[in-house]
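The values are calculated or read from the model by the stated rules, or taken from the named source; none is laboratory data. In this text the structure is predicted, and so the values were computed from the model without any measurement. Positions of Cβ are backbone-derived with ideal geometry, glycine not excepted, and every protein chain shown enters the neighbour counts. We work out accessible area using only protein heavy atoms, side chains counted, and drop any ligands, DNA or RNA first. Shrake-Rupley method; radii C 1.70, N 1.55, O 1.52, S 1.80 Å.
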Amino acid sequence: MAGLGDLLGRAVLWPFVLLARLIDLPLRVWQRWTGIGGMAAVFLAPTLLIFGVFVLVPLGLNFAYAMTGGTGILLGERPFVGFEQYGRLLECEDYTRRLTCREDQFWTAVGNTGVFVIFQVTLMVAVSLITALILNRNIRGRGFFRAVFFFPVLLSPVVVGLIWRWILQRQGLLNLIMVNLGLDPQVWLNDRFYAFAATIGVSTWAHMGFYTLILLAGLQAIPRDLYEAAEMDATPPTRVFRRITLPLLAPNLAVVLVLALIRGVQIFDEVYVLTGGGPGTSTLFLTQYIYEAGFASILRNPGLAAAASILMGAVLVVLTLLQLWLSRRAEGGRVR
Amino acid sequence: MSKVMGFLTARRGHGGRWHWTDVVTWVWLIGGTIIMFGPALWLISSSFKGPAQLAEFPPTLLPYVQELAVVDGYDDPLPLFTATLEDGTTQVLAEVRRVGTNAQMVDPANPETRIDVNIADRTPVRQIGLATDNYVAPLVANDFVRYLWNSVFVTMMATIITLLTNSMAAFALSKYDFRGRNAVMLLIVGTLMVPLSVILVPLYSVVNATGLLNSLWGVILPTVATPTGVFLLRQYMLTIPDELLEAARMDHASEWQIYWRIVLPLAAPALAVLAIFSVVWRWNDFLWPLIVLSRRELYTLQVGLNTYAGELNVQWHYILAMTVVTMIPVVLVFLFLQRFITTGIAGSGIK
């Protein structure tokens, strides 16, 4: 059996092995010519080329797009308009009323995303903390239950969206439960409130396993003897949690919080499949606004989409710097 | 049995009494199992129901198919119903055709005489069974085989290129000391801050300018640049002792050979983790393929599913079956490789 697997592995790998042999000769010549320092450049070249073309160049171009108008996608065809696109996004006659803004959809998306992030991140942190605490107990089948909560993390957002659309539809599973409990069935996704709540619940369902794992790793790094000492003193569990677990878990909690914030701000795929932003614009979030402004709507405006994405990017940069700082602190804490 | 009871009643500490936290634990774990697995199981069960059964409310938990009977004088098998006749008796009849609210039915044992039955007075005879046509039809008649192939192609190519380019970069960043190394590291850290949703418009124009629009390579290449992959591999390669490399250099191995014959095989565990991640990432990608691919024959499974699910008249029986198909590779990864991923995440906090 091992022989067969080995043979199969060789069969799959042989084109690559052949390629590697063929590449070796020109690279030897190059190495003799440039020395070992030149080889570092060779090894870095493919990654740097891809990063450059598909990340750095677009990043620079983004600012150029945000300064130009029109519907053309080629930069050369686009007239320079300065900060007009930002103005259009941010201008309102009366900042207390959304509908007086020039781009009221943008403000709707910002508002929705804000509310979504507040509730979803709170729910996410709470649920994954409780789950991590429970999985950290001395229970049987811990590996199994850890896998249970992790399962949806692997599912594609389209699958997640469709699974829940099917459950929440008129003749769906949730309405079956409602009827059996003697309650009125609802058309969940046609209701502004329920649809919004569904986006929060479904995205939490899909991603909580990931955060649970991070918190679980943090919990397992807390020294056991602290708990043993607490048990000897017959400390009540709530007190153990407040005095030992929570302070020692704080760095991991902070990382989870910021990571959830970063992901929450960018929420798109599963919500797009679940509600499509509706009913109306009640579940329209920032990324969908950018996608629609740039690509999907009839009056597409790449400049406006670029400007909106730069504003979102600014928020994300701040959050990411916060995350890097926090995770460095979390690691430092663990070493100490 | 005693083992099961022991499992179910396992609790904290050594005392005989149940603590309230034990109750919370088991309620949470069992409820969690239902909530996490239930939706997927419901999807699978629904995907084997025929269109008529899917439209029913209340829905049944398991899929049923209507029983068919071969009746003399008719070429095709006829569907069976339990019909209540005018005299109040019930009888199992086969339907010949339906006219308005009435159905012409025959007794399978006595196929000469036709009986008119109001469709309100009959219920289909059903048994638990699978409507496998949900799976066969879209794969054969619609473009789903194409989508499936496109998804497999994108996932495989992207993973191979990711492993190759990322491991080369990680090798250079972990085993060479050159000017500008820190700058390169910083650059790669920096790209972590640039998610796809932030550079959607200009990335589209770059892909357009390079002629990759409406090509699967336009989906593959931009996703290959994963800073997380370079990180993961670099961290692992730092643990490979430099003495091994020095010994190889003594034997006149070229740097490329050192990378290919020594470092890469030694980094196999990290490569395996990255491969698993990459397969799941690329298989699940949605927003970028949605933007790059506008020709139907190039759609990946995710984009194709979204398109069919977005039609006015959603054909749920096909959508559900294809959702299950889309789920299969990820479920396989979950069943067999879940441990690698969970330890990978717990160790590095990447996803």
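Please work out which residue is nearest to the other protein chains (Cβ to nearest Cβ), limiting yourself to region A:274-292 and to residues that are touching a Phe, Trp or Tyr at 6+ places or on another chain (Cβ under 8 Å) and assigned to a helix (DSSP H, G or I). Of everything passing the filter in region A:274-292, A:287 is nearest to the other protein chains (Cβ to nearest Cβ).
Scanning region B:43-58 for residues that are crowded, with 19+ Cβ neighbours inside 10 Å and either part of a helix (DSSP H, G or I) or not aromatic (Phe, Trp, Tyr) (or both) yields B:43, B:46, B:47, B:49, B:53, B:54. Scoring residue B:212 on the criteria (1) surrounded by 16 or more Cβ atoms within 10 Å (Cβ to Cβ); (2) in a helix (DSSP H, G or I) leaves a single failure, condition (2). Just give me the residues in region A:250-267 being in a helix (DSSP H, G or I), touching a residue at least 60 places away in the same chain (Cβ under 8 Å) and among the hydrophobic types (A, V, I, L, M, F, W, C), in sequence order. Scanning region A:250-267 gives A:253, A:254, A:255, A:256, A:257, A:258, A:259, A:260, A:261, A:262, A:265.
Scanning region A:147-163 for any residue that is surrounded by fewer than 20 Cβ atoms within 10 Å (Cβ to Cβ), more than 7 Å from chain B (Cβ to nearest Cβ), of a type in the set (A, V, I, L, M, F, W, C) and without any contact (Cβ under 8 Å) to a residue 12 or more places away in the chain turns up nothing. Can you work out which of the residues in region A:295-318 that are buried (at least 24 other Cβ atoms within 10 Å of the Cβ) and at the interface with chain B (Cβ under 7 Å from one of its Cβ atoms) is nearest to the chain's Cα centre (by Cα)? Among those that are buried (at least 24 other Cβ atoms within 10 Å of the Cβ) and at the interface with chain B (Cβ under 7 Å from one of its Cβ atoms), it is A:309. Criterion applied to A:82, A:72, A:52 was being within 11 Å of chain B (Cβ to nearest Cβ), open to solvent by less than 40 Å² (accessible area, probe 1.4 Å) and either acidic (Asp, Glu) or not in a helix (DSSP H, G or I) (or both), and the one residue passing it is A:72.
Looking across region A:85-112 at every residue that is surrounded by 15 or more Cβ atoms within 10 Å (Cβ to Cβ) and among the basic types (Lys, Arg), the one that is nearest to residue B:208 (Cα to Cα) is identified as A:88. Of the residues making up region B:260-317, just one is touching an Asp or Glu at 6+ places or on another chain (Cβ under 8 Å) and among the small types (Gly, Ala, Ser), namely B:304. Residues of region A:212-228 include at least one that is surrounded by 20 or more Cβ atoms within 10 Å (Cβ to Cβ), touching a Phe, Trp or Tyr at 6+ places or on another chain (Cβ under 8 Å) and touching a residue at least 40 places away in the same chain (Cβ under 8 Å). In region A:132-232, counting only helices (runs of 4 or more DSSP H) that sit wholly within it, the ones holding 2 or more residues that are among the small types (Gly, Ala, Ser) span A:142-154, A:192-220, A:224-232. Out of all the residues in region A:70-84, which are in contact with a Ser or Thr (Cβ under 8 Å, 6 or more places away or on another chain) and within 18 Å of residue B:203 (Cβ to Cβ)? Once the filter is applied, which keeps residues that are in contact with a Ser or Thr (Cβ under 8 Å, 6 or more places away or on another chain) and within 18 Å of residue B:203 (Cβ to Cβ), region A:70-84 yields A:73, A:74, A:75, A:78. In region B:177-202, the residues that are facing another protein chain (nearest Cβ under 8 Å) form Cβ pairs under 7 Å with partners that are open to solvent by 40 Å² or more (accessible area, probe 1.4 Å) and of a type in the set (S, T, N, Q), at six or more places apart or across chains, as follows: B:195/A:266; B:197/A:266.
Whether any residue in region B:287-295 is within 18 Å of the chain's Cα centre (by Cα) and at the interface with another protein chain (Cβ under 10 Å from one of its Cβ atoms) is what I want to check. Checking region B:287-295: at least one residue is within 18 Å of the chain's Cα centre (by Cα) and at the interface with another protein chain (Cβ under 10 Å from one of its Cβ atoms).
Total residues in region B:23-34 satisfying the condition of being more than 7 Å from chain A (Cβ to nearest Cβ) and open to solvent by 70 Å² or more (accessible area, probe 1.4 Å): the figure is 4. Residues in region B:210-267 that are more than 13 Å from every other protein chain (Cβ to nearest Cβ) and under 23 Å from residue B:288 (Cα atoms): B:214, B:215, B:216. Just so you know, in region B:115-148 the residues that are open to solvent by 50 Å² or more (accessible area, probe 1.4 Å) and in a strand (DSSP E or B) include one that is farthest from residue B:91 (Cα to Cα), and it is B:128.
Among residues of region B:59-83 being more than 18 Å from residue B:109 (Cβ to Cβ) and touching a Ser or Thr at 6+ places or on another chain (Cβ under 8 Å), the one that is most open to solvent (accessible area, probe 1.4 Å) is B:61.
When every residue of region A:220-231 is checked against the conditions, none turns out to be at the interface with another protein chain (Cβ under 9 Å from one of its Cβ atoms) and farther than 22 Å from residue A:134 by Cα.
Which residues, counting only those in region B:222-241, are part of a helix (DSSP H, G or I) and either small (Gly, Ala, Ser) or free of Cβ contacts under 8 Å to residues at least 12 places away in the same chain (or both)? I'd like the intermediate steps shown before the answer.
Applying the first criterion (part of a helix (DSSP H, G or I)) to region B:222-241 yields B:222-224, B:227-237.
B:229 - this is the single residue of region B:222-241 that is part of a helix (DSSP H, G or I) and either small (Gly, Ala, Ser) or free of Cβ contacts under 8 Å to residues at least 12 places away in the same chain (or both).
Per the listing B:158, B:170, B:225, B:183, the residue uniquely modelled with pLDDT of 90 or more and more than 23 Å from residue B:296 (Cα to Cα) is B:170.
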